Amino acid sequence: MEITAKSLVMVALLFMGSFVSPNLRPERLMIVWSLFDSISFIIPHPNGVAHDKLYVKATGGGAFKFADLFKEKLGILFDKEDEMHSLVGGVNFLLKTVPREAFTYLDGQKEFVEIDHNDLYPYLLVNIGSGVSMIKVDGDGKYERISGTSLGGGTFLGLGKLLTKCKSFDELLELSHHGNNRVIDMLVGDIYGGTDYSKIGLSSTAIASSFGKAISDGKELEDYQPEDVARSLLRMISNNIGQIAYLNALRFGLKRIFFGGFFIRGLEYTMDTISVAVHFWSRGEAKAMFLRHEGFLGALGAFTSYSNQSHNDLKPHHHTVQRAILNCSGDNLRHIPVTSNLNDSETIECSINLV
């Protein structure tokens, strides 16, 4: 199926496989997509049978934002699933089903973490999109949003566009990779003559004030390199999220902190910055953990919601969910997962009872 509507060009992620929809016969090949706005849905294979009404699973803001567009252009009606419920369901599914799903990333070193399914809960899920939600997960379907912050990916992109003239999230991230935040950030060493403040455990390279050097440098914005501004901005947002996340984990006595969301997207510097923040504030007692398939949490959660429904006309079927990446024509948004030591043809096997 070719999608030509301009708004649909924002599709960035794709989960492929054989699925079952209540509106189609079980043998029809289906595709589950995950959209930029955390929307997941099912559409028929081109060889499938046409129906007057096709209901598909959808979750996230895009389920509301694009509902009329999909109905008008494709004749698809959205069966909306709660975003938070889908998000948590997707994480629980991955942690229980996929080997070596969770990993840590600190100082350039990635280490996979073995998760004991009998000792999974409770944990803290930090979902970083436009803003940040922090969710305490106590079990399947048992969760509570305990905190959050408005300083998230939207803050990074919004300020980045104003300060650097970048037009997209990816452009801003790429720019930050070439920058040096020490040009703009005030470090502990800048205050204490290049030395550590060892009495309270601060190294000379610790950031004392994000963008702090701009106070006394006597420079205007155009005097700074945009890549340095982007780097400082990314560091500021990531450090803040890592600190708030650890404090909430400490508040509720949670041992595990998982980070996900469009802001991360498997980017090494972002993960490393968040990990350093958690390590610093916990004094090494806590670790930030990430998920290999974090870009598909809502899509998986929406899909697995079928297991809680009754469809008398369907029989149990075996399903295969395969990782893939879709680069739409004219779309600069890409999901870039951590792929080292992974097999690109790797599949997630799952069985869902639809009776």
- Query: Name the pairs: first residue in region 150-169 and farther than 16 Å from Phe262 by Cβ, second residue assigned to a helix (DSSP H, G or I) and open to solvent by 60 Å² or more (accessible area, probe 1.4 Å), Cβ to Cβ under 8 Å, at least 6 apart or on different chains?
  - Reply: Leu163/Leu221; Lys167/Lys161
- Mind listing whichever residues of region 85-114 are under 27 Å from Lys57 (Cβ atoms) and part of a strand (DSSP E or B)? Ala102
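Which residue, of Ile191, Ile146, is surrounded by fewer than 18 Cβ atoms within 10 Å (Cβ to Cβ) and over 20 Å from Gly212 (Cα atoms)?
The match here is Ile146.
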- Query: Counting just the residues of region 264-275 that are at pLDDT 90 or above and touching a helix residue (DSSP H, G or I) at 6+ places or on another chain (Cβ under 8 Å), which one comes out nearest to Ser176 (Cα to Cα)?
  - Reply: Ile274
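Would you tally the residues in region 225-274 being of a type in the set (Ser, Thr, Tyr) and open to solvent by 10 Å² or more (accessible area, probe 1.4 Å)? Let's see the steps before the verdict.
To start, the set of residues in region 225-274 that are of a type in the set (Ser, Thr, Tyr) comprises 232, 238, 246, 269-270, 273.
Cutting the leftovers down to open to solvent by 10 Å² or more (accessible area, probe 1.4 Å) gives us 246, 269.
Here the count works out to 2.
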- Do we find a residue being surrounded by fewer than 13 Cβ atoms within 10 Å (Cβ to Cβ), within 26 Å of Gly158 (Cβ to Cβ) and at pLDDT below 95 anywhere in region 206-215? yes
- Test set (1) open to solvent by less than 20 Å² (accessible area, probe 1.4 Å); (2) at pLDDT 50 or above; (3) over 29 Å from Leu233 (Cα atoms) - Asn308 fails condition number: (1)
- Query: Pairs, please: C-beta under 6 Å, at least 6 apart or cross-chain, first residue of a type in the set (Ser, Thr, Tyr) and in region 259-288, second open to solvent by 10 Å² or more (accessible area, probe 1.4 Å)?
  - Reply: Thr273/Arg235; Ser275/Tyr105; Ser275/Leu106; Ser282/Tyr246
- Query: Within region 275-286, which residues are in a loop (DSSP other than H, G, I, E, B) and surrounded by fewer than 18 Cβ atoms within 10 Å (Cβ to Cβ)?
  - Reply: Arg283, Gly284, Glu285
- Query: With Gly160, Gly139 as the choices, which residue is more than 24 Å from Ala277 (Cβ to Cβ), open to solvent by less than 30 Å² (accessible area, probe 1.4 Å) and either over 17 Å from the mean Cα position of the chain (by Cα) or modelled with pLDDT under 95 (or both)?
  - Reply: Gly139
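How many residues, within region 72-126, are among the hydroxyl-bearing types (Ser, Thr, Tyr) and open to solvent by 30 Å² or more (accessible area, probe 1.4 Å)?
2
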- Task: Could you tell me whether Ser133 is open to solvent by less than 30 Å² (accessible area, probe 1.4 Å) and small (Gly, Ala, Ser)?
- Result: yes
- Query: Taking Ile257, is it farther than 30 Å from Asp190 by Cα and among the β-branched types (Val, Ile, Thr)?
  - Reply: yes
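The values are calculated or read from the model by the stated rules, or taken from the named source; none is laboratory data. Because the structure is a prediction, the values reported are computed rather than measured. All Cβ positions, glycine included, derive from the backbone under ideal geometry; neighbour counts span all protein chains shown. SASA here: full protein model, heavy atoms, side chains in, ligands and nucleic acids out. Shrake-Rupley method; radii C 1.70, N 1.55, O 1.52, S 1.80 Å.
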